[in-house]
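See structure below.
The values are calculated or read from the model by the stated rules, or taken from the named source; none is laboratory data. This one's a predicted model, so the numbers in the text were calculated from it and none came from an experiment. Counting neighbours? That spans all protein chains shown, and the Cβs are built from the backbone with ideal geometry, glycine included. Areas reflect the complete protein model, heavy atoms only, side chains present, ligands, DNA and RNA absent. Shrake-Rupley method; radii C 1.70, N 1.55, O 1.52, S 1.80 Å.
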Amino acid sequence: MTWWREGVLYQIYPRSFADSNGDGIGDLGGVVEKLDYLEWLGVDGIWLNPINPSPNIDWGYDVSDYTGVHPDLGTLDDLDRLVADAARRNVRVLLDLVPNHTSDRHLWFRERPDLYVWQDEIPNNWLAAFGGGPAWTLDDERGRYYLHNFARAQPDLDWWNPDVRDEFDRILRFWFDRGVAGFRIDVAHALIHDRRLRDDVIDVEAREGAHRIHSMNQPEAHDILKRWRALAETYEPPRILVGEAYVLDLEGWAKFYGSGDDELNLAFNFALVHEPLSARPMRTIVANTERLLPAAAWPCWTGSNHDVGRFMSRWCDGDDALARCVLLILLGLRGTPFLYYGDELALPDGGVPTDRLRDVAEPSRDPGRTPMPWTPGDGGWRDPWLPLEDTSRNVEEQRADPDSTLNFTRELIALRRASPDLRLGAYEELPSPKDVWIWRRGERTVVAVNLGRGAAKLDVEGRPLLTTGGEFDGTLNPACGLLLAVD
Ligand code: GLC
Ligand code: CA
C-alpha cells in the first residue's frame with residue numbers, strides 16, 4: 001500500500017492543537033498526548049505547520065533556524081519522540097518546509113547576504129503579499145533593497161544561487177534522517193523569481209495571485225521540486241512532498257506533478273476550495289482535475305486550512321448536515337484527503353475579538369486557527385494564545401454520542417480503509433438530478449450528495465453503507481449524502 005495515496009491525512013496547527021504544559025500554547029508534547037485520539041480517528045499521517053524557531057511575525061512561516069524546534073513547542077527530543085510514538089501507531093509525521101523566504105532574524109540574513117535578492121533601487125512593481133506596498137524594502141545596514149514577496153520580515157531567498165539549493169538539500173536530509181515522512185512545501189509556486197526582474201501585470205480583477213507572473217509562478221520552480229523529489233526517493237520508504245501550489249488555473253496547477261511521478265507527490269487543490277458548495281461547479285473542478293492530471297499523479301483534496309479557514313464557516317454556514325456532505329465529498333473523491341484539526345467535529349471558525357488578533361495578514365486568518373475544543377467548558381485549555389469562545393462542539397461529547405459528526409467521520413474513514421474502491425478506484429461521474437452530485441468509485445461503490453434545496457429521487461440500486469443521517473428510502477433529502485454498495 002502506498003500510504004500517502006490510500007491514507008487520510010490530518011493537519012495540525014501545533015500552537016492550537018493541544019497544550020501539554022499549561023502555558024496556553026499547544027506543543028509537540030500535546031500532539032504526543034493526542035496520538036491515541038488520532039489513532040482512534042483512523043488517520044494515517046499528520047502534517048504539522050512550521051515547528052522551527054521563529055520570531056513569529058507570521059507564526060512560524062518566518063523561520064530563523066531550519067534545523068531547530070521552537071522552544072514554545074518543545075525540543076528536538078520531543079519531535080523524535082513524536083515521530084517514534086506515531087510510527088508505533090502507523091501514523092507518519094510530515095513537517096512544513098518554508099523555502100521561499102527566511103525570517104530577517106535568520107543568521108543568514110546578516111552573515112550570508114548572498115543568499116538573498118538585493119538591488120540598489122526598487123527595480124519593478126512587485127507587491128508584498130502582506131502589509132501592502134512594494135515587495136522591496138531598504139535595509140539600513142546595507143543601504144540596498146531586499147526582495148520580500150510576503151512580509152518585510154520575510155526576505156526572499158535567491159533560488160538562482162546554487163548555495164541556497166545546497167543548504168536546502170542539507171535541511172531536507174536533516175529531517176528525513178530523523179524519520180520525518182515528508183514535507184508540505186510552503187508556497188511551492190513562489191520559489192523562484194524572474195531573473196530579469198520584469199514587472200508583474202497588475203490586474204486587480206485577476207484571481208488570487210494570478211497577476212504575479214514574474215515575482216512568482218516561474219517555470220524554474222519545477223526544477224527545484226524535481227531535485228527534492230529525487231532526493232526524497234533515495235530514502236526507504238521514500239519521503240514525500242506535498243505542495244502548497246497556490247495556482248487556481250488547473251492546467252498550471254497540474255504541472256506541479258511533473259510527468260506524474262517526478263515532482264510533487266501531492267498538490268492541494270485550491271480550485272475546489274474557492275468554489276461554492278454546489279454540485280455543478282464542484283463537479284466541473286473534479287472533472288477537469290481528472291482530465292488534466294498525468295496518469296501517474298494522484299489528486300489531493302482539502303476543505304480547510306490555516307489560511308483559508310474552516311469549511312464549516314465558508315461552505316456550510318454552521319449546518320452540521322452539510323458539513324457531513326463535505327466530509328463525504330473530501331473522503332469519497334479519488335485522491336488523498338487532508339482534514340484540518342477540528343474538521344471532524346464540523347468546527348466553524350472561532351470568534352476572535354479585534355484586540356486579540358495576532359495575524360500579520362488582513363483579513364486576519366486567526367478565526368481559522370483557534371484552539372481545538374477537547375472538552376466542554378474551557379475546552380481543555382488554560383488561557384490559550386488565541387481565545388476559545390465556543391466549545392459547544394468538542395471531542396469529549398461528540399465521542400460519546402454515536403450520532404455525532406465525529407463518529408460519522410470515524411466511520412467514514414474506517415469504511416474507506418476497508419474499501420479498495422474508495423481508496424484507489426477510478427472516479428466516474430454519474431447522471432445526477434440538478435444540485436445533486438453522484439459518482440462511482442471503482443467497481444461497486446457510489447457516493448451521492450444532495451447540495452440543493454429540494455428532495456431528489458435516486459435511481460441507483462444498492463445497499464447503503466453510510467448515510468449523513470437517518471435511513472435511506474430511495475429519496476435523497478437536501479443536505480443529505482450517502483455511500484452505496486452497488487452490484
Ligand atoms: C503560505 C502559508 C501561510 C504563510 C505564507 C507565507 O501561504 O500557508 O500561512 O503566511 O505562506 O509564508
Ligand atoms: Ca504548551
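The alpha carbon centroids of region 155-204 and region 17-81 are separated by 22 Å. Bridgeable lysines around residue 226 (alpha carbons under 30 Å apart, same-chain partners fewer than 8 residues away excluded): 255. For region 65-113, carbon and sulfur atoms together expose 46% of the accessible surface, with a 1.4 angstrom probe and every protein chain in place.
Compute the Cα gyration tensor for region 290-337, then decide on rounded, prolate or oblate, letting a ≥ b ≥ c be the square roots of its eigenvalues: rounded whenever a/c is under 1.5, prolate when a/b is larger than b/c in the other cases, and oblate in all that remain. In terms of gyration-tensor shape, prolate. Over the residues of the chain, the helix contribution to mean residue ellipticity at 222 nm works out to -7500 deg cm²/dmol, using -39500 (n - 2.57) for each DSSP H run of at least 4. Counting only alpha carbon atoms, the long axis of helix 320-332 and the longest principal axis of the chain meet at about 70°. Directionally averaged projected area (region 179-229, Cα convex hull): 4.4 nm².
Full extension of the chain between residue 208 and residue 178 gives 7.2 nm of extra length, using 0.36 nm per residue less the Cα-Cα distance. Under the rule a/c < 1.5 gives rounded, and otherwise a/b versus b/c splits prolate from oblate, where does region 33-75 land using the Cα gyration tensor? Because a/c hits 1.5 or more and a/b exceeds b/c, region 33-75 counts as prolate. Relative to the 2.2 N^0.38 Å rule of thumb, region 379-487 has a C-alpha radius of gyration ratio of 1.31.
Taking the longest Cα principal axis of the chain as reference, the axis of helix 76-88 is set at about 30 degrees.
Restricting the trypsin sites (Lys or Arg not before Pro) of region 193-241 to loop positions (DSSP other than H, G, I, E, B) with no more than 16 neighbouring Cβ atoms within 10 Å leaves 195, 196, 198, 207. A Förster radius of 35 Å combined with the Cβ-Cβ distance from residue 85 to residue 223 puts the calculated FRET efficiency at roughly 0.45. Normalising by the residue count of the chain, find the relative contact order in percent from Cα pairs under 8 Å and 6+ residues apart. Relative contact order for the chain comes out at 13 percent. Distance from the Cα centroid of region 212-290 to that of region 322-342 is 18 Å (rounded to whole angstrom). Counting only protein heavy atoms and a 1.4 Å probe, region 166-258 has 43 square angstrom of accessible area per residue. The calculated Kirkwood hydrodynamic radius for the chain is 23.2 Å, given to one decimal from all distinct C-alpha pairs.
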